[in-house]
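Enquirer: Can you read through this structure? Questions will come right after.
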Amino acid sequence: MNNHPSHIAIIMDGNGRWAQAQGKNRTYGHEKGSEVVRSITTYCAKHPEIDRLTLYAFSTENWKRPKMEVEFLMKLLQKYLKKELPTYLEGNICFQPVGDLTSFSDSLQKTIEEVKTATQHCTGLIQSLALNYGGRDEVVRAAASLQASNTIISLESITAHLDCATDVDLLIRTGGDHRLSNFMLWQSAYAELFFTNTLWPEFTSDELEKIIHKFKKVERRFGGLH
Ligand code: FPP
């Protein structure tokens, strides 16, 4: 048994608790979390069997957080994308955001578009940040787009109209909770689910490597017998 996880998706949870445990503001945890985004992305880019990494950075429900935290996350995201463009290019990493980007400020949308365009020729890892993303919202937007183009509904046509048409092989959630929180619902139909108590700011490529090792030992049957 030697299955490679071609598409890894991660629910990055625990930033706030990590910061608060050290007597710091929750935003400090997001800042540290963004460094872990870079290190995990770089690790995946160096492993050619991993084609795609999708990270849950901001959900359709995260707007309910205090205004100050939402504004901080928006600024952090913009800062991250600008600062890390060289990391994308040096690592041959193609940035493909998923989610409904229309709710973001013009300035943030412009930065997202710039990094997407600047990295579209990259042939290595595809890194997706899920931004204003919800799995249900993604399916609704796909259905609306099918209706608008008068396309027949089928498994294939819905999949093709999603933000991400690629199945998730390995879905990881940090931070100790055991739920999907509206993340990649369609794409995770046959994903292997791994949960760790590690808070996202303390998640390392060593732990990811151990999870991948366990994943490779799992017999995946996709509803069949073997
Ligand atoms: C969950 O932690 C994390 C988020 C809601 C946002 C994820 C954001 C990052 C990892 C940093 C920003 C990312 C980029 C790419 C710049 P939480 O706040 O729910 O933690 P808690 O469960 O401990 O409260």
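Enquirer: Identify all residues within the stretch 131-140 that are touching a Ser or Thr at 6+ places or on another chain (Cβ under 6 Å) and either of a type in the set (Gly, Ala, Ser) or farther than 16 Å from Phe104 by Cβ (or both); write none if there are none.
Expert: Matches in the stretch 131-140: Gly134 only.
Enquirer: Within the stretch 54-103, how many residues turn out to be more than 10 Å from the ligand (Cβ to nearest atom), over 13 Å from Gln127 (Cα atoms), part of a loop (DSSP other than H, G, I, E, B) and in contact (Cβ under 8 Å) with a residue 24 or more places away in the chain?
Expert: The qualifying residues number 3.
Enquirer: What pairs can you find where one residue is in the stretch 10-37 and farther than 10 Å from Trp200 by Cα and assigned to a helix (DSSP H, G or I), the other is more than 9 Å from the ligand (Cβ to nearest atom) and among the hydrophobic types (A, V, I, L, M, F, W, C), and their Cβ atoms are less than 7 Å apart, with a gap of 6+ or different chains?
Expert: Final answer for the pair search is Thr27/Phe72.
Enquirer: Of all residues in the stretch 105-122, which are surrounded by 12 or more Cβ atoms within 10 Å (Cβ to Cβ), assigned to a helix (DSSP H, G or I) and polar (S, T, N, Q)?
Expert: Listed by number, the residues that qualify are Gln109, Thr111.
Enquirer: Follow-up. Between Leu131, Leu101, which is within 24 Å of Ser181 (Cβ to Cβ), in contact with a strand residue (DSSP E or B) (Cβ under 9 Å, 6 or more places away or on another chain) and surrounded by fewer than 20 Cβ atoms within 10 Å (Cβ to Cβ)? Explain how you work it out, then say what you get.
Expert: On the way: Leu131 fails: surrounded by fewer than 20 Cβ atoms within 10 Å (Cβ to Cβ).
Sole residue among the options that is within 24 Å of Ser181 (Cβ to Cβ), in contact with a strand residue (DSSP E or B) (Cβ under 9 Å, 6 or more places away or on another chain) and surrounded by fewer than 20 Cβ atoms within 10 Å (Cβ to Cβ): Leu101.
Enquirer: Could you check the stretch 141-188 and list, in sequence order, the residues that are over 30 Å from Ser205 (Cβ atoms) and touching a residue at least 12 places away in the same chain (Cβ under 8 Å)? Working first, answer last.
Expert: The initial filter retains those residues of the stretch 141-188 that are over 30 Å from Ser205 (Cβ atoms), namely 141-161.
Correct list: Arg141, Ala142, Ala143, Ser145, Leu146, Ile158, Thr159, His161.
No value in this document is a laboratory result; all are computed from the given coordinates. Note that this is a predicted model, so its numbers are computed, not measured. Virtual Cβ from ideal backbone geometry, glycine too; neighbours counted across all protein chains shown.
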